[in-house]
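Heads up, the thing below is written out as structure tokens.
The values are calculated or read from the model by the stated rules, or taken from the named source; none is laboratory data. Quantities reported herein were computed from a predicted structural model and do not represent experimental measurements. Cβ placement follows ideal geometry from the backbone for every residue including glycine, while neighbour counts extend to all protein chains displayed. These accessible areas exclude ligands, DNA and RNA; they are computed on the full protein's heavy atoms, side chains included. Shrake-Rupley method; radii C 1.70, N 1.55, O 1.52, S 1.80 Å.
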Amino acid sequence: MKLALPAILIAIILLAVASFDATGPQADFTMVQANDAFTLDPQKMSWQQDIRLGRAIYETLVVVDDDHGGVQPGAAERWDVSPDGLHWTFHLRPDARWSNGDAVQAQDFAAAWQRAMLPDFASDYAGFVADIVGAQELWDFRAAQLSQYAKLPTAERTEARAQELWSAAMAKAREVVAIKTPDDRTIELTLRRRVPYWLSVIAFPVMAPIHQATAERFSGFDIASGRRTIDARWTKPGNLVCNGPLMVHDWRYKRRMRLVRNPFHWDHSQQTVNSIDILPIEDNNTAVLAFDAGGADWVSDVRVGYKVELAEQAALYVQHHRPQFDALRAAGASVDEALAALPEPVAGERRNVHVVQNFGTDFYSFNCRPTLAGGGFNPFADARVRRAFALAVDKQALADRVIRVGEPVAHTLVPPNGVVGYKTPTGLGHDVVLARKELADAGWADRNGDGKLELADGTVFPTVDLLYSTGSPRYRDLSLAMADMWRNELGVQVELTSKDSKFMKDDLRSGNFMIARGGWYGDYPDPTTFLDLCRTGDGNNDRGYSNAVFDGLLDRAAAEADPAQRLAILADAERLVTEVDMPILPITHYATVLLFDPVRVRGITRDPSFDQRLSNIQMLAPR
């Protein structure tokens with residue numbers, strides 16, 4: 001594969017800039033990702049790069065076992081649960097410490113979870129704590145407080161009044177929320193229902209503790225709204241206090257973040273790297289060139305247009321040594337151990353490219369709100385229009401001609417066989433005739449031969465705005481291909497809009513889109529990790545979708561004690577959103593292409609959940 005000299009020079013220059021940007025010696029391990037972190041505030045994390053970082057710098061009560069699945073002890077050394085699964089008691093390690101040497105206390109977890117229960121902090125994952133008794137009551141109490149405060153005359157909206165309301169909210173929390181800390185090392189909680197995957201929930205980084213003294217030092221009030229606020233500087237290097245195995249040494253946004261070992265972390269048994277540099281490189285070609293030039297040890301998501309060719313070279317290498325590879329695997333070697341034991345690749349082969357199937361789904365979101373942002377007409381408020389657009393998409397063609405790395409076509413949100421005992425519904429396939437009928441049933445037709453679809457009252461189908469994030473040929477090419485399908489099969493006009501991920505995130509939250517690219521990786525091994533995206537009011541429901549029937553099915557499943565029946569109810573719920581209401585258009589189930597050399601690097605997970613723990617990475621040989 002020939003690479004242009006200017007591109008190589010750009011990669012070298014960027015690596016040089018990162019090197020000069022660094023303070024002290026070169027990091028033991030360097031990874032490249034497409035986007036920088038959005039936040040280091042655990043309760044506000046949502047995007048994949050933030051979650052991965054959260055697993056490194058924070059430690060939850062239990063942590064994900066990224067080698068074998070399930071969870072293992074984290075900040076808690078042990079726990080007890082009642083026979084009905086409602087009452088949990090966690091016992092913290094006596095040697096659990098923050099990065100400044102302070103003891104990690106049970107109250108640090110209670111304070112963090114309480115943040116997620118309050119509308120002040122707008123956590124996307126508020127639903128994670130909603131199953132704790134009293135969480136919803138506290139949320140409603142605080143929301144009512146803020147609503148009443150907003151009605152006060154300007155002169156009466158003061159810091160003193162905001163503080164008074166906050167104190168009352170904290171008293172309410174102590175009264176109704178079933179989280180107790182009888183001593184510094186014990187945290188007790190009661191759930192309002194049995195949650196089979198509760199340990200996986202509390203292993204998620206948004207359930208990490210906060211260093212209360214630091215958070216308090218940067219906290220205040222927004223006088224206009226009365227909300228409790230926290231200055232973003234509390235998560236800046238020099239201020240941020242972590243309890244994970246790694247800590248942030250310095251961070252220059254969109255240039256480099258350096259992680260180093262937390263000297264106070266309790267686990268010193270692992271012989272892993274002591275420092276990690278994270279380089280955000282938006283240009284996909286530059287990311288690969290940086291790796292090939294020896295400037296990076298891991299590219300966490302290869303997005304170049306030629307990644308198909310890279311994957312083919314990796315497949316050729318394994319096929320060339322198939323008998324030896326299979327024998328090593330049969331003898332108990334891991335995939336990486338087997339690859340490392342094989343002979344050096346020859347021309348046209350690669351050992352450092354890896355295609356990993358994920359517990360995730362690539363999709364596009366329809367804006368389901370009654371009107372668009374600003375009050376404009378929204379044709380996608382009608383489920384028939386959404387079904388028409390979904391049926392018009394040839395997903396197999398997208399998988400074969402655009403994505404081309406073996407990702408299976410998706411007709412559902414939950415990946416088939418991704419949850420033990422769960423049978424996914426059929427979903428909607430590709431049917432252009434039915435797509436046109438759905439559009440006609442919704443009242444759209446070319447009524448005067450001008451090539452434009454109109455309603456009976458003369459309303460013209462608006463030009464569809466298709467929003468996607470910059471920096472990825474995948475989403476650009478998918479969006480272009482889908483726009484052509486909709487133009488050709490439905491006769492609608494489509495315009496593409498690309499935005500930086502940070503600004504796109506703001507548009508999704510505010511409903512400033514018609515159709516937008518999305519995607520989700522399961523946070524825990526249960527269908528609800530995907531289905532909750534469609535629950536009314538969920539922090540990750542960017543679509544504004546709301547259906548009482550769907551919400552009722554989720555509630556029924558939550559109350560169902562029989563595991564098989566519970567999964568059957570959830571399948572009915574998924575059927576509703578993937579065959580009838582279609583707030584989300586699934587495209588494929590993800591496979592991620594990684595770059596790393598298994599001869600030198602170990603500890604990068606191949607588990608479909610992709611719950612990577614950076615603290616597990618080992619360097620067997622220098623760069």
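Each residue in segment 266-276 was checked for being in contact (Cβ under 8 Å) with a residue 60 or more places away in the chain and open to solvent by 10 Å² or more (accessible area, probe 1.4 Å), and 6 pass. Among residues of segment 587-603 being outside any strand (DSSP E or B) and open to solvent by less than 10 Å² (accessible area, probe 1.4 Å), the one that is farthest from residue 46 (Cα to Cα) is 598. Selection of segment 29-57 for residues being open to solvent by 20 Å² or more (accessible area, probe 1.4 Å), in contact with a Lys or Arg (Cβ under 7 Å, 6 or more places away or on another chain) and over 18 Å from residue 603 (Cβ atoms) yields only 38.
The set of residues in segment 323-382 that are in contact with a His (Cβ under 8 Å, 6 or more places away or on another chain) and polar (S, T, N, Q) comprises 357, 358, 361.
Contact map, segment 549-567: first residue more than 21 Å from residue 582 (Cα to Cα) and surrounded by fewer than 19 Cβ atoms within 10 Å (Cβ to Cβ), second residue at pLDDT below 95 and charged (D, E, K, R), Cβ cut-off under 6 Å, separation 6 or more or different chains; pairs are 558/193. Being part of a helix (DSSP H, G or I) and either modelled with pLDDT under 95 or of a type in the set (Val, Ile, Thr) (or both), is that true of even one residue in segment 442-460? No - not one qualifying residue is present in segment 442-460. Those strands (runs of 3 or more DSSP E) of segment 60-124 in which at least 1 residues are surrounded by fewer than 19 Cβ atoms within 10 Å (Cβ to Cβ), considering only elements entirely within it, cover 71-73, 76-81, 87-92.
Taking first residues from segment 132-148 that are basic (Lys, Arg) and partners that are surrounded by fewer than 21 Cβ atoms within 10 Å (Cβ to Cβ) and in a helix (DSSP H, G or I), the Cβ contacts under 8 Å between residues at least 6 apart in sequence or on separate chains come to 142/169; 142/172.
Selection of segment 232-255 for residues being part of a helix (DSSP H, G or I), under 22 Å from the mean Cα position of the chain (by Cα) and not hydroxyl-bearing (Ser, Thr, Tyr) yields only 232. Among the helices (runs of 4 or more DSSP H) confined to segment 258-376, the ones with at least 2 residues that are in contact with a Pro (Cβ under 9 Å, 6 or more places away or on another chain) are located at 307-320, 335-341. Taking segment 409-420 as the range and being at pLDDT 95 or above and either out of contact with any Lys or Arg (no Cβ under 9 Å at 6 or more places or on another chain) or among the β-branched types (Val, Ile, Thr) (or both) as the test, the residues that pass are 409, 412, 413, 414, 415.
Scanning segment 346-358 for residues that are buried (at least 18 other Cβ atoms within 10 Å of the Cβ), more than 29 Å from residue 483 (Cβ to Cβ) and of a type outside the set (A, V, I, L, M) gives 349, 350, 351, 352, 354. I'm trying to understand the selection: among the residues of segment 7-64, which are among the hydrophobic types (A, V, I, L, M, F, W, C), in contact with a strand residue (DSSP E or B) (Cβ under 6 Å, 6 or more places away or on another chain) and at pLDDT below 65? 18 - this is the single residue of segment 7-64 that is among the hydrophobic types (A, V, I, L, M, F, W, C), in contact with a strand residue (DSSP E or B) (Cβ under 6 Å, 6 or more places away or on another chain) and at pLDDT below 65. Taking first residues from segment 401-419 that are farther than 18 Å from residue 582 by Cα and in contact (Cβ under 8 Å) with a residue 60 or more places away in the chain and partners that are surrounded by 15 or more Cβ atoms within 10 Å (Cβ to Cβ) and of a type in the set (Asp, Glu), the Cβ contacts under 8 Å between residues at least 6 apart in sequence or on separate chains come to 402/477; 407/362; 419/526. When you look at residue 318, is it touching a strand residue (DSSP E or B) at 6+ places or on another chain (Cβ under 7 Å) and either open to solvent by less than 50 Å² (accessible area, probe 1.4 Å) or under 25 Å from residue 402 (Cβ atoms) (or both), yes or no? No. So for segment 264-276 (the condition being over 24 Å from the mean Cα position of the chain (by Cα), modelled with pLDDT under 95 and among the acidic types (Asp, Glu)), does at least one residue qualify? Within segment 264-276, one or more residues are over 24 Å from the mean Cα position of the chain (by Cα), modelled with pLDDT under 95 and among the acidic types (Asp, Glu).
Scanning segment 125-179 for residues that are among the acidic types (Asp, Glu) and either in a helix (DSSP H, G or I) or open to solvent by 40 Å² or more (accessible area, probe 1.4 Å) (or both) gives 137, 140, 156, 159, 164, 175. Of all residues in segment 190-226, those that are assigned to a strand (DSSP E or B) and more than 26 Å from the chain's Cα centre (by Cα) total 4.
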